[in-house]
């Protein structure tokens, strides 16, 4: 039997969003998640697909929980898929969602060139499109109604400023993914405000942390003047801090995004800061915005992206954030 939905459901979803923004929401829907796809089914015949470049790691699992929580509150069907940083797979997932006739699609734009053809099919089919996480400067050109995420330029500039203020003069900025425009922007923007020399490398990735740490260590060892480190994700940031420690080098270190591990490092003075883009909200808001467009033709942002970050977590506020990360909502 179908449950007829009312605007009370939307109000309830907004209430849940308010709790999520404070980091205090819980997520029973996440129990139904599988590694590749999660489905939450109830109520009206609306299916929304959230298709990201992400893996099942510390960042994207939280974004998935946000999308699941929104779908559960709204009583709709959610199809969540992560492409594990394979742009061709992500494009195929998008095209399949179009073929299947979903009512709304949200995608991340780590490699927008590879997704261009698939996204044109979304728009041509008249399916509302929202981008999340990566793509804040590209969403309008690709036909999306809005973007949910952080401005990577602002975030990167903030990181550069902090590392400069901490005494850095030569920075190593390490990226964990090839062809991810967001990570490129983070390093380039950090270079704008850092003021000193910036060396950029791309590692073999988070999947092999031993190799990644060794690659960062080799880059640091090759240049004794490096006295600041920035990792463009939570795993690579910790690996960089460990590489510096192995070499006996004391330097300010920064990262992006949250994990239990990176917060422990900040709390124990092994790292200086990390930047929080609130990925739970990215998943949650993308689903809510698509739902409101499907059911009420609402658009948000006024042609501008809806920002969920950046925010900084350092020694001054890390303890308050740690408990929320443990709950899986930050």
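Laboratory data are not the source of any read-out in this text; all were calculated from the coordinates shown. Treat the numbers as computed from the prediction; the structure is a model and nothing was measured. Because the Cβ atoms are built from the backbone with ideal geometry, glycine has one as well, and the counts that use them run over all protein chains shown.
To the nearest 10 degrees, how steeply does helix 318-327 sit against the main Cα axis of the chain, on a 0 to 90 scale? Compared with the principal axis, the helix lies near 40 degrees. For the chain, the antiparallel share of DSSP beta bridges with both residues in that region comes to about 15%.
By the count of other C-beta atoms within 10 Å, a proxy for reagent exposure, 62, 107 are ordered fewest to most as 62, 107. The angle between the Cα long axis of helix 279-296 and the longest principal axis of the Cα atoms of the chain comes to about 20 degrees, rounded to the nearest 10. Using bins of 10 Å that start at zero, the share of Cα-Cα pairs per bin across region 201-251 amounts to 28, 61, 11, in whole %.
In nm, what is the difference between 0.36 nm times the number of residues separating residue 304 and residue 247 and their Cα-Cα distance? Mind showing how you got there, number by number?
Numbers: separation 57, 0.36 × 57 = 20.52 nm, distance 4.45 nm.
Full extension from residue 304 to residue 247 adds 16.1 nm.
For region 137-196, rounded, prolate or oblate, judged on the Cα gyration tensor with a ≥ b ≥ c (square roots of eigenvalues), a/c < 1.5 rounded, else prolate if a/b > b/c? Spell out each step's value before the answer.
Working: a/c = 3.44, a/b = 2.08, b/c = 1.65.
Since a/c reaches 1.5 and a/b is larger than b/c, the shape of region 137-196 is classed as prolate.
Going by Cα centres, region 169-213 and region 265-330 are how many Å apart? One Cα centre to the other: 22 Å.
Would you mind ranking 119, 247 by Cβ crowding within 10 Å, fewest neighbours first?
Numbers: 119 25, 247 15.
Exposure proxy ranking, most exposed first: 247, 119.
The radius of gyration of the Cα set in region 77-181, together with its Dmax, comes out at 16.5, 54 angstrom. One Cα centroid belongs to region 123-146, the other to region 71-107; the line between them spans 13 Å. For the chain, the alpha carbon convex hull comes to 120 Å³ per residue, rounded to a whole number.
Taking other C-beta atoms within 10 Å as the exposure proxy, 116, 206, 151 rank 116, 151, 206 from fewest upward. Going by the alpha-carbon gyration tensor, a ≥ b ≥ c the square roots of its eigenvalues, is region 182-226 rounded (a/c under 1.5) or, if a/c is not under 1.5, prolate (a/b greater than b/c) versus oblate? Oblate is the answer for region 182-226, as a/c is 1.5 or above yet b/c matches or exceeds a/b. What FRET efficiency would be calculated for the residue pair residue 211, residue 267, taking the C-beta separation as r and a Förster radius of 30 Å, to the nearest 0.05? Given R0 = 30 Å and the Cβ-Cβ separation, E is 0.65. Here, region 152-276 has an Rg and a Dmax of 12.5, 33 Å when only alpha carbons are counted. Using a Förster radius of 30 Å, what is the FRET efficiency between residue 99 and residue 45 based on their Cβ-Cβ separation? Nearest 0.05, please. That pair, residue 99 with residue 45, gives E of 0.95. Label point of residue 192 set 7 angstrom out along Cα-Cβ; within region 139-176, amide nitrogens under 12 Å from it belong to 151-161. Counting only alpha carbon atoms, the long axis of helix 112-124 and the longest principal axis of the chain meet at about 10°.
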